[in-house]
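The values are calculated or read from the model by the stated rules, or taken from the named source; none is laboratory data. These figures come from a predicted structure and were not determined experimentally. Here the Cβ is made from the backbone with ideal geometry for all residues, glycine too, and neighbour counts use every protein chain on show.
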Amino acid sequence: MGLEQLIEQCKKNDAKAQSQIYKLYASKLFSLSLKYSRNHAEAEDNLQDAFVTIFKKIGQFENKGSLEGWMKRVTINTALQRYRTTGVFNIVGEEHIEDTVVEIDDDDLKMDFLLKIIQDLPDKYRLVFNLYAMDDYSHKEISEMLDISIGTSKSNLARARQILKQKIEDHQKAQPKHSNGQ
């Protein structure tokens, strides 16, 4: 069964088609969900909620653009909705924070370490960082998605970069130096 047929069957609440769509996209969407979550369990919850929304609203997908792109947007919005309801962004000031460039000197810096330090960021910083740096949203788009000002988006991104830079520097200092002469 082709993708278009699967979509049409999902629109009719066909459980087999839904299962196939889930199997095709769950791992990609889980990776995306993990970026916006504090931990593995929260990512699983967000993924589950995203698929519930996807199957409930699949009738709104009109085959314009890719199904995967539409599902990614639903997954991101599902994760963000969790934070909108908790008031994560209500206390953020718009103070100017100098932009920070994160330079990674360690070729051995592991992806799981990077994911962990991103997940450890406070929610307001992690969400803006992921939307801007990882998923290429503009500050204007982020401000609309999170119902914050553009200045708050820029401030949160700068603060996230500062925190990540410090954690990477601390990690690199803690690593034993390898000598090529031995």
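See the values below:
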read-out: Some residue of region 16-33 being of a type in the set (Lys, Arg) and over 28 Å from residue 83 (Cα atoms); value: yes
read-out: Test: residue in region 113-133 that is of a type in the set (A, V, I, L, M, F, W, C) and over 19 Å from residue 43 (Cβ atoms); value: no
read-out: Checking residue 143 against (1) buried (at least 16 other Cβ atoms within 10 Å of the Cβ); (2) modelled with pLDDT under 90; (3) small (Gly, Ala, Ser), the condition it does not meet; value: (2)
read-out: Listing of helices (runs of 4 or more DSSP H) fully contained in region 8-125 that carry 3 or more residues being modelled with pLDDT of 90 or more and not hydrophobic (A, V, I, L, M, F, W, C); value: 15-35, 40-57, 67-84
read-out: Pairs, first in contact (Cβ under 8 Å) with a residue 40 or more places away in the chain in region 50-64, second acidic (Asp, Glu) and surrounded by fewer than 12 Cβ atoms within 10 Å (Cβ to Cβ), C-beta under 8 Å, six or more apart; value: 63/4
